[in-house]
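To keep things clear, I will list the structure first and then write my remarks on it.
The values are calculated or read from the model by the stated rules, or taken from the named source; none is laboratory data. Owing to the predicted nature of the structure, the values given are computational and were not obtained by experimental measurement. Here the Cβ is made from the backbone with ideal geometry for all residues, glycine too, and neighbour counts use every protein chain on show.
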Amino acid sequence: MKVIGLVLLLIAGVALACTNFLITPGATVDGSAIISYAADSAALFGALYHNAHQHYPNGTMMEVYDWDTGKFLGKIPQVEETYNTVGNTNEYGLAIGETTFGGLEDLQSQKGAIIDYGSLIYLGLQRAKTAREAIQVMTDLVAKYGYASEGESFSIADKKEVWVMEMIGKGNFEKGAVWVARRVPDGHVTAHANQARIQQFPLSDPETCVYSPDVISFAKAHGYYPKTGSDANFSFSDVYNPVNFEGARACEMRAWSFFRSVVGAETMDKYCDYVQGKDLTHGRMEWSYKPSKKISVADVMDLMKDHLEGTKFDFTQDIGAGPFNMPYRWRPMTFTVDNKTYINERSTSTQQTGFVFVAQLRQNVPDFMTAKNWFGVDDAACTVFAPMFGSNTEIPLALDKNNGAIMNVTLSSSFWVFNLVANLAYTRWRIIYPEIKQMADNLEQLYMNESADAEKVAKQYYDANETERAVEYLTNYSKKTAQDLHDVWLDFWEYLVPRFLDGNVKTYVPGEQNPKVDWPGYGDPWYKRIVDDTGDKYLIPEDASSSHHSAASRAVPTLLPSIRKLLSFIHLW
C-alpha cells in the first residue's frame, strides 16, 4: 500500500512534466539534428532565457540558484569565457533538454549539493561547444559540487550527434551522481518522457556510450543490484528507476505515441499492454527506432502537439472530454469513485506548459547559424513556433523573463497572450481549435520562408567578413518576428472572443451591420448522452403547438477562413 500510495501521489503531483523527442541527422529531411522539449509545470512562467558571451577575470565566482524554486544553492568558480545562449541552445549549435524521472527515493536529494538539473543545463550550454563536451562539463560539475536534483534524462545534441544522458544523485551516501550517456544511432530516433529509458548499455564502446566509473559498483555497494550480478546485464533504468504503472501509463505512453507516429502502428501496437501499465515485465520498448520516412522540423512541431489522436488511448471521444472533445483533463490526474482509483491520460501536449522548443541543429552553415531554435510559449498545441537563433544577442521583450510573471497578467508578454487564446479554446475545443491550428500552421510556414531569406542576407554579411553584422541582422530579425507574432496573436484573440461569444459562432459579413450567426450546439453524441441521463425531463410532447428547431440539427459552419482573409478582417495583412 505504501508503494501504491507513493505512485498515486506522484501521478497527482508535478512529477509527470516534460517530453523530449530526439531525431538524428540521418533521420531528418535536411540532415539536421533535431531535439524538442516541452517545459511543463503549472508554476512555470514561459520565457526565452539569454546569457551573453562573456569573459571573466580569474577568481570570479558565480552564484547558483535552483531553476525550479529560485533557492540559492551556493557559489562555484566561473570559467574565463562563457558562450552566448538563447533558450536551450548556444551560439555553436549545442542544444540541451530534459525530463525528470525521479528514481529511487533514497537518491533524490543530497545535502550540500550546489548543482541542480536546470543550472546544469545552462552551465553546459555556456561552457561547451559539442554534445560530447557538454557531457564532460556536466558530469564534472556534479562530481565536484554535488547533484541537487532528482533523477533526470537529458537530451544533448549538436549538429552531428544526438545523445541521451540519464543521471541520478548518490543521495547522502556520497557527493555526486551516477550516470550513463548513450549516442542515438544515426538514422534513428528516440524519446523520453519522465521515465528512464537506458537499460543495458555497451561497457567498452566509448564512441557510442560513456558512463560514470561507479554506476554499477555504487548500486552493488548499496544493495540496489546484487553484488554477484553481471555487469553486462546491468540496466540503468531497471535499477535506478524501475518502471511501475505510473512510468508506463503516464510517461512511456508519450514516447510510444511518438514512435507510433514515425515508425508505424504495426511495429508499436504490440506495446499497448505495456504503456497501459498491464505488462511491465516483458513489454519494454526498444532504445531507438529507425523511422519509416525522413522527418522534417515541421513534422516535429506537429508531433509536439500530440494528444494520442488516432490511438486506442485517444481521450477526446469519451465523456471526460465534454461535448466539445477537449483533449485535456484538469489536475489531479487521478480520481476515486466507489473506493476505486482511476487515472486520466497524459499526452505530449498539455495545458500547463511554460515553453516549448524544437531545436534544429544544421550542418554546412556558419557556427552562428547552426542552432535554429523554433520557440513557443504555453500549450504546444496552441503555440506558434517562431525562429530564434543560438547566436542572437538580445531577447524580444515579448519573450523576456522579466516581462510578466506567473501570477501577473501582462499583455505585453507572449506567455499571457497565448494563454488567453488557449484558455478560450479549452471552453469549446472542437469548434475553436481548428482556427488556431490553421493560423499557427500558416504562420509557421511563413516563418520558415522568411527565416530562410533572412539567413541568405546574414550569410552575405558573413562571406564579406562582417560576422558581427550578420549576427546583428539575425538578432533583429528574430526580435521583430517575435514582436510581430505577439501583436498578431493579441489581435487574433480579439477576433476570436466576439466570434465565439456566448456559445454561438458569428461571421463578419462585409457591408452588413450584423454578423451571420450560427448555433452549433453540443453535437448529436452529447445530446444522446443528455437524454440517456435525464430521460423525458426535457422531452417536448409530440402534440405541443409551438414549433421548435433542434440545435443539434444545425450544421456547424465552416470555421477555417484563409489566413489572408482572416488577417484582412482583423487589419493585420
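Just one of (1) outside any loop (DSSP other than H, G, I, E, B); (2) of a type in the set (Phe, Trp, Tyr); (3) without any contact (Cβ under 8 Å) to a residue 40 or more places away in the chain fails for TRP330. It is (1).
Of the residues making up segment 104-116, those that are surrounded by fewer than 24 Cβ atoms within 10 Å (Cβ to Cβ) and not β-branched (Val, Ile, Thr) are LEU104, GLU105, ASP106, GLN108, SER109, GLN110, LYS111, GLY112, ALA113, ASP116.
For first residues located in segment 421-432 and in contact (Cβ under 8 Å) with a residue 24 or more places away in the chain, partners that are of a type in the set (Asp, Glu) and lie 6+ apart or on another chain with Cβ distances below 6 Å form the pairs ALA422/ASP378; ALA422/ASP379. Only residues that are buried (at least 21 other Cβ atoms within 10 Å of the Cβ) and of a type in the set (S, T, N, Q) were counted across segment 210-252, and they come to 2. A single member of THR341, THR393, THR334, THR350 is in contact with a helix residue (DSSP H, G or I) (Cβ under 6 Å, 6 or more places away or on another chain) and more than 21 Å from TYR83 (Cβ to Cβ), and it is THR334. When segment 154-175 is filtered for residues that are crowded, with 22+ Cβ neighbours inside 10 Å and out of contact with any Gly (no Cβ under 9 Å at 6 or more places or on another chain), the ones remaining, listed by number, are VAL162, TRP163, VAL164, MET165.
Would it be correct to say that THR507 is farther than 30 Å from ALA321 by Cβ, touching an Asp or Glu at 6+ places or on another chain (Cβ under 9 Å) and outside the structural domain of TYR49 (by TED's automatic domain parsing)? Criteria not met by THR507. Set side by side, the residues THR99, THR85 differ, and just one is closer than 24 Å to THR348 by Cβ and crowded, with 23+ Cβ neighbours inside 10 Å, which is THR99. Please tell me if GLY151 is surrounded by 24 or more Cβ atoms within 10 Å (Cβ to Cβ), modelled with pLDDT of 95 or more and not aliphatic (A, V, I, L, M). In short, yes. Within segment 359-390, the set of residues being among the β-branched types (Val, Ile, Thr) and out of contact with any helix residue (DSSP H, G or I) (no Cβ under 7 Å at 6 or more places or on another chain) comprises VAL365, THR370.
For ARG132, the conditions (1) under 30 Å from VAL239 (Cα atoms); (2) in contact with a Pro (Cβ under 7 Å, 6 or more places away or on another chain) all hold with the exception of (2). Give me the residue from segment 41-95 that is among the aromatic types (Phe, Trp, Tyr) and assigned to a loop (DSSP other than H, G, I, E, B) and, out of that set, farthest from ALA386 (Cα to Cα). Residue satisfying both the conditions and the ranking: TYR56.
Would segment 275-283 turn up any residue that is in contact with a Lys or Arg (Cβ under 8 Å, 6 or more places away or on another chain) and at positive phi? So far as segment 275-283 goes, yes, one or more of its residues are in contact with a Lys or Arg (Cβ under 8 Å, 6 or more places away or on another chain) and at positive phi. From the list ASP68, ASP140, the lone residue that is surrounded by fewer than 21 Cβ atoms within 10 Å (Cβ to Cβ) and under 25 Å from GLY247 (Cα atoms) is ASP68. Can you say whether ALA265 is under 26 Å from PRO525 (Cβ atoms), without any contact (Cβ under 8 Å) to a residue 60 or more places away in the chain, surrounded by fewer than 16 Cβ atoms within 10 Å (Cβ to Cβ) and small (Gly, Ala, Ser), as far as the supplied structure shows? Here the answer is yes, as ALA265 does meet what is asked. In segment 421-445, what residues are surrounded by fewer than 19 Cβ atoms within 10 Å (Cβ to Cβ) and under 21 Å from TRP374 (Cα atoms)? Matches in segment 421-445: LYS437, GLN438, ASP441, ASN442, GLN445.
The residues listed here are ALA405, ALA386; of these, the one that is in contact (Cβ under 8 Å) with a residue 40 or more places away in the chain and under 18 Å from VAL488 (Cβ atoms) is ALA386.
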